[in-house]
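Structure first, commentary second.
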Amino acid sequence: MIRSWTSVVARLPFWRLLLYSAAVSTLFFAGSLALGFSQGRVWSTLSLIGTSIVLEAQPAAAASIPLGFDPPTGAGISILANMIAVPILMVGMRHVMHRFRFVRKRMEKAEALSRKYGKYGVWVLAPLCPLLGAYACLAIGSVLRWHPLRVLSAVVIGMVGSTFVIAYGGFALLRLFHV
């Protein structure tokens with residue numbers, strides 16, 4: 001019998017989910033660190049990672065240009081570093097919704113409103129991600145109780161697209177005004 005991913009995750013204890021999410025976050029951190037170190041920029045990489053975690057991927061992509069990164073590397077570091085907090089946030093939001101009764105009751109009301117748009121409405125998060133940020137879009141998707149993988153997919157699509165546009169646009173502007 002094949003079980004769905006959500007039914008397997010729902011039965012895992014919170015500490016195990018938190019451990020898995022910390023491991024995935026560590027992999028995102030190691031990937032962004034390795035990508036930056038491949039360019040030979042230690043302090044610039046750490047600065048970009050911190051910017052991406054605190055301010056989101058889009059401002060970090062803009063900051064990668066003055067730090068001397070080429071557009072694909074700067075966008076890649078920004079995206080991977082922004083994804084560091086995402087697994088822990090998703091597990092934390094899931095835990096809060098299941099653990100606290102008053103939150104769960106409010107979520108049921110929100111779910112009744114969003115059930116109609118759940119399958120295709122989640123894709124509105126892709127264009128909202130550059131404006132609101134990945135963390136806010138994940139929270140919106142969790143509050144509306146949309147499928148977590150669809151929410152994550154929409155957020156990642158919006159974040160990756162906008163980050164590459166910002167990185168390449170900033171690089172093009174730099175080349176345009178640099179004589």
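Structure above, values below:
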read-out	value
Qualifying aspartates and glutamates (Cα of each under 18 Å from Cα of K119; at least 8 residues distant if same chain)	E108, E111
In nm, spacing of pseudo-spin labels at L174 and D70 (7 Å Cα→C-beta vector)	1.2
Rounded FRET efficiency, nearest 0.05, which uses the C-beta distance separating H147 from A23 and R0 of 22 Å	0.45
Stretchable slack from V96 to Y135, in nm (0.36 nm times residue separation minus alpha-carbon distance)	12.5 nm
Listed peptides 22-34, 143-155, 79-91 by packing density, highest first (mean Cβ within 10 Å)	79-91, 143-155, 22-34
Span-rule helices in the chain, defined as complete DSSP H runs reaching 24 Å or more along the axis (Cα) with Kyte mean at least -0.5	14-37, 148-177
Exposure proxy order (Cβ contacts within 10 Å, fewest to most) of I77, I157	I157, I77
Reported label for calculated semi-axes √(5λ) of the Cα gyration tensor in Å given (1) 29, 18, 15; (2) 34, 19, 12; (3) 22, 19, 15	(2)
Segments 60-70, 97-107 sorted - mean Cβ within 10 Å per residue, highest first	60-70, 97-107
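FYI, it's all coordinate maths here, none of it is from the lab. Remember, it's a predicted structure, so these values are computed and weren't measured experimentally. Virtual Cβ from ideal backbone geometry, glycine too; neighbours counted across all protein chains shown.
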